[in-house]
1. What number goes with the only condition from (1) on the phi > 0 side of the Ramachandran plot; (2) assigned by TED's automatic domain parsing to the domain that holds N167; (3) at pLDDT below 95 that Q91 does not pass?
2. Looking at E145, E172, which one is over 24 Å from G106 (Cβ atoms) and over 21 Å from the mean Cα position of the chain (by Cα)?
3. I need the helices (runs of 4 or more DSSP H) fully contained in the range 60-175, keeping only those with at least 2 residues that are closer than 20 Å to P189 by Cβ and out of contact with any strand residue (DSSP E or B) (no Cβ under 8 Å at 6 or more places or on another chain).
4. Specify the residue that is surrounded by the fewest Cβ atoms within 10 Å (Cβ to Cβ); the eligible residues are those in the range 67-89 that are of a type in the set (V, I, T) and out of contact with any Leu (no Cβ under 7 Å at 6 or more places or on another chain).
5. Being of a type in the set (A, V, I, L, M), in contact with an Asp or Glu (Cβ under 6 Å, 6 or more places away or on another chain) and either in a strand (DSSP E or B) or over 30 Å from A36 (Cα atoms) (or both): is that true of V183 here?
6. Read through the list (1) over 22 Å from the mean Cα position of the chain (by Cα); (2) outside any helix (DSSP H, G or I); (3) closer than 17 Å to F138 by Cβ, then give the number of the only condition that L231 fails.
7. Give the residues of the range 217-232 that are over 18 Å from L105 (Cα atoms) and aliphatic (A, V, I, L, M), sorted by residue number.
8. Against the definition (assigned by TED's automatic domain parsing to the domain that holds R88, part of a helix (DSSP H, G or I) and surrounded by 21 or more Cβ atoms within 10 Å (Cβ to Cβ)), how does A196 come out, yes or no?
Amino acid sequence: MVNGSRGPGELAPLSREIKLGDRVLLYQDARRKWIAKVEPGRFHTHRGYFELAELVGKEYGGSIRTSMGQNLAVFRPRALDIVESFDRPTQILYPKDIGYALFQLGVGNGDRVLEVGTGSGALTSALARGIAPDGQVFTYEMRPEFLRAAKANVDKAGFGSLVTFHNKDPTEGFDETGVDAVVVDLGDPWRMVRAAYGALVGGGLLAGFTPTINQLEKLAIALREGGFVILEAVELLMREFKTEAGKVRPETRMIGHTAYVTIARKLLPTPEA
């Protein structure tokens, strides 16, 4: 078990001014954007460079000009921006699936949440953001190399102190009980139903992600047989739009199937008469 460290500026009151040590989003356009730490040294792009220390004292939402005259907007990075900059030893869930699941789980400040399948730490970071500043995420991952990468990513996002990492087989059971929610992102999530039931409070919620219909069916059967009420199973499709004046239209490609999201609740046994 490893407790993550506090990231730079974690949970500190937001400031309008950029400070030394801040992480900023440098934005040229939708395809050319970068996360950078404000510290001594140069930041290079294909359109010139600038000194990162020049950002100190500037207001978020302003811009910086490179040596070749390219203006870059300087924003406070969203959680999504930081996640997109993660090192990814594993494939991560799409934001549309993560966001929907978190909304349905209703996680909030002070909640205790179990995650099965840490992966690259994208979902871990989203959960930590949801339960901050007083909650805790307990995440389980069997592959030590994945866990190391995930811990570095979660620290980079600034949520290290809110996450406890376990390098162990979660099918053997969890170390925690009385948790508010369980999130399962494994190829065989039905194997986790019994352990999840034992760890959850009465009425606690479970979210399971499955890539195929057969896996969804196995999970649904296990949930119903394991004391859960299935609230829904959904597939989310997302299409972006071009927004040029006079040329507003759907993009040719869209993000179609990525995962089936199943939401269920723990039902306590009916008392005997």
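1. For Q91, the failing item is (1).
2. Details: E145 fails: over 21 Å from the mean Cα position of the chain (by Cα).
Exactly one of E145, E172 is over 24 Å from G106 (Cβ atoms) and over 21 Å from the mean Cα position of the chain (by Cα), namely E172.
3. On the way: elements: 79-84, 95-105, 122-131, 144-157.
Of the helices (runs of 4 or more DSSP H) lying wholly inside the range 60-175, those with at least 2 residues that are closer than 20 Å to P189 by Cβ and out of contact with any strand residue (DSSP E or B) (no Cβ under 8 Å at 6 or more places or on another chain) span 95-105, 122-131.
4. Within the range 67-89, the first condition is being of a type in the set (V, I, T), and the residues that meet it are 74, 82-83.
Still in the list and also out of contact with any Leu (no Cβ under 7 Å at 6 or more places or on another chain): 82-83.
Working: I82: 22, V83: 24.
Among those residues, the one meeting the criterion is I82.
5. Working: of a type in the set (A, V, I, L, M): yes; in contact with an Asp or Glu (Cβ under 6 Å, 6 or more places away or on another chain): yes; either in a strand (DSSP E or B) or over 30 Å from A36 (Cα atoms) (or both): yes.
Judged against the criteria, V183 is a match.
6. That leaves (3) as the condition not met.
7. Matches in the range 217-232: I221, A222.
8. Working: assigned by TED's automatic domain parsing to the domain that holds R88: yes; part of a helix (DSSP H, G or I): yes; surrounded by 21 or more Cβ atoms within 10 Å (Cβ to Cβ): yes.
It is true that A196 is assigned by TED's automatic domain parsing to the domain that holds R88, part of a helix (DSSP H, G or I) and surrounded by 21 or more Cβ atoms within 10 Å (Cβ to Cβ).
The values are calculated or read from the model by the stated rules, or taken from the named source; none is laboratory data. Computed from a predicted structure; not experimentally measured. No Cβ is skipped: glycine too gets one built from the backbone with ideal geometry, and neighbour counts run over all protein chains shown.
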